[in-house]
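Here the structure comes first, spelled out in structure tokens, and everything after it is commentary.
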Amino acid sequence: QVQLVESGGGLVEAGGSLRLSCTASGMIFSINDMRWHRQAPGKQRELVARITSDGTTHYADSVRGRFTISRDNAKNAVYLQMTSLKPDDTAVYYCAANVSSGTALFPKRSDYWGQGTQVTASS
């Protein structure tokens, strides 16, 4: 099994910054994509940012230029630096990772999710 643990959420004023962290542990051979999603009350969960195993990044239009995703492969960790936060960024933020495990004969790739961390940007 693989566990993802997030930290770093909180309450900030609009225009402020926060840095989210997420660390994976457990039966991990390698981690492929790592992602941050968010879900605001009454809305569907949406993909915010993605980083591939080689460090290529992708962002939703709503956060591009304000959020930065990064990863530390040695620590099995992914981060989300959020700046210029807006009230519309208020949501529960979830990290997710696509993890390779199993054996060479029976490889396995699965998505795992963290428990979520609340981010609130007040106006």
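The values are calculated or read from the model by the stated rules, or taken from the named source; none is laboratory data. Bear in mind the structure is a predicted one, so any value in this text is a computation, not a measurement. Every residue, glycine among them, receives a Cβ derived from its backbone with ideal geometry; neighbour counts consider all protein chains shown. Accessible surface is based on the protein model in full, side chains and every heavy atom, while ligands, DNA and RNA are left aside. Shrake-Rupley method; radii C 1.70, N 1.55, O 1.52, S 1.80 Å.
Things worth noting here:
- Qualifying chymotrypsin sites (Phe, Trp or Tyr not before Pro) in segment 27-123, where qualification requires a DSSP coil assignment and no more than 15 other C-beta atoms within 10 Å, comprise Phe29.
- Two-site label geometry, Ser30 and Glu13: point separation in nm, points 7 Å out along Cα→Cβ: 4.7
- Solvent-accessible heavy-atom area per residue, rounded to whole Å², over the chain at 1.4 Å: 54
- Site pair Val5 and Ser84 shows an inter-label distance of 3.4 nm when each label is modelled 7 Å from Cα along Cα→Cβ.
- Cα-based reach from Lys86 at 25 Å (exclusive), listing lysines while leaving out same-chain residues under 8 positions away: Lys43
- Per-residue SASA entry for His58, accessible area with 1.4 Å probe, Å² rounded to 10: 80
- Reduced Cα scattering model of segment 38-97, Debye log10 I(q)/I(0), q = 0.14, 0.21, 0.29, 0.31 Å⁻¹: -0.40, -0.86, -1.40, -1.50
- Against the criterion of solvent-accessible heavy-atom surface with a 1.4 angstrom probe, Val12, Val78 sort, most first, into Val12, Val78.
- Among beta bridges from DSSP that stay inside the chain, the antiparallel ones total about 90%.
- Once Rg and the Kirkwood radius are both taken over the C-alpha atoms of segment 62-123, their ratio Rg/Rh works out to 1.11.
- Charge sum, other residues only, whose C-beta stays under 12 Å from Leu80's C-beta, Lys/Arg counted +1 and Asp/Glu -1: +4
- A cut-off under 10 angstrom between Cβ atoms defines the neighbours of Thr23, and their net charge, with Lys, Arg +1 and Asp, Glu -1, is -1.
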